[in-house]
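The values are calculated or read from the model by the stated rules, or taken from the named source; none is laboratory data. Everything numeric in this text was worked out from a predicted model, so none of it was measured. A quick note on method: Cβ atoms are made from the backbone with ideal geometry, for glycine too, and the neighbour counts reach across all protein chains shown.
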Amino acid sequence: MKLPFKSISALIDYDATSPMDSGEFDDNLWILLCKKIGSPKDLEAFRHPVAVYYASRLLEWEVGNGGFAQAVYNIPDWFEYAAIGYAALGKRKAVQLIRDALALLKGEREDLKEKRLLDGTTIGELFAHFSESRMIELDKRIPEDEWWIDDERIEYVRKNKDAFREVQ
């Protein structure tokens with residue numbers, strides 16, 4: 001359930017008195033942060049734990065939605081920040097996978113440009129590219145124990161709540 005929290009501090013205060021399910025807390029925090037963060041440059045305004053949460057969650061969910069090829073298409077500038085986030089959370093296998101993706105990212109973006117898929121393509125053409133992408137091999141290597149970490153990430157937020165309270 002998404003409650004109408006007006007601030008992250010209000011969310012944290014509510015959670016402190018009425019502990020929320022981690023998924024509910026995550027949904028509400030994500031909604032509030034998406035109003036503040038739209039690009040990696042926006043992270044400069046916040047403390048490190050905010051970047052750890054945001055970038056790692058963004059990549060996890062983007063890959064979960066459509067694989068690494070879709071993530072390269074939608075959020076190429078976030079990979080490095082996500083690697084830093086997963087590293088801060090102690091997820092070495094996930095960090096290595098992201099580093100492997102970074103090694104392929106430039107070539108993948110060039111393929112997208114060459115095929116003119118970055119400027120007005122059909123969804124069918126785009127999905128055809130995703131299914132042929134070299135990034136698909138990375139999808140097969142996702143470390144289940146280190147990639148899908150919503151609960152751990154929320155525990156990290158709760159331990160670093162002061163950094164999140166500062167988000168205005």
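Taken residue by residue, the range 104-117 has at least one member that is hydrophobic (A, V, I, L, M, F, W, C), touching a residue at least 24 places away in the same chain (Cβ under 8 Å), touching a Phe, Trp or Tyr at 6+ places or on another chain (Cβ under 8 Å) and within 18 Å of residue 40 (Cα to Cα). When residue 167 is tested against (1) assigned to a helix (DSSP H, G or I); (2) surrounded by 15 or more Cβ atoms within 10 Å (Cβ to Cβ); (3) touching a residue at least 40 places away in the same chain (Cβ under 8 Å), just one condition goes unmet, and that condition is (1). Residue pairs whose Cβ atoms lie under 7 Å apart, sitting 6 or more positions apart in sequence or on different chains, and linking a residue in the range 120-147 that is in a loop (DSSP other than H, G, I, E, B) to a partner that is of a type in the set (Lys, Arg), are 143/93.
Among what's in the range 1-19 and is buried (at least 19 other Cβ atoms within 10 Å of the Cβ) and either at pLDDT below 95 or not β-branched (Val, Ile, Thr) (or both), pick the residue that is farthest from residue 163 (Cα to Cα). Only one residue tops the list, namely 15. Take residue 128 and decide whether it is of a type in the set (Gly, Ala, Ser), buried (at least 16 other Cβ atoms within 10 Å of the Cβ) and farther than 23 Å from residue 36 by Cα. Spelling it out, it is not the case that residue 128 is of a type in the set (Gly, Ala, Ser), buried (at least 16 other Cβ atoms within 10 Å of the Cβ) and farther than 23 Å from residue 36 by Cα.
Within the range 31-62, can you find the residues that are in contact with a helix residue (DSSP H, G or I) (Cβ under 6 Å, 6 or more places away or on another chain), without any contact (Cβ under 8 Å) to a residue 24 or more places away in the chain and in a helix (DSSP H, G or I)? Residue satisfying the conditions is 62 alone.
Do we have any residue at all in the range 90-98 that's basic (Lys, Arg), within 22 Å of residue 160 (Cα to Cα), outside any helix (DSSP H, G or I) and over 16 Å from the mean Cα position of the chain (by Cα)? The answer is no; no qualifying residue exists.
I'd like to check something: does the range 63-78 contain any residue that is farther than 20 Å from residue 109 by Cα, modelled with pLDDT of 95 or more and either in contact with a helix residue (DSSP H, G or I) (Cβ under 6 Å, 6 or more places away or on another chain) or not in a loop (DSSP other than H, G, I, E, B) (or both)? Scanning the range 63-78 turns up no residue that is farther than 20 Å from residue 109 by Cα, modelled with pLDDT of 95 or more and either in contact with a helix residue (DSSP H, G or I) (Cβ under 6 Å, 6 or more places away or on another chain) or not in a loop (DSSP other than H, G, I, E, B) (or both).
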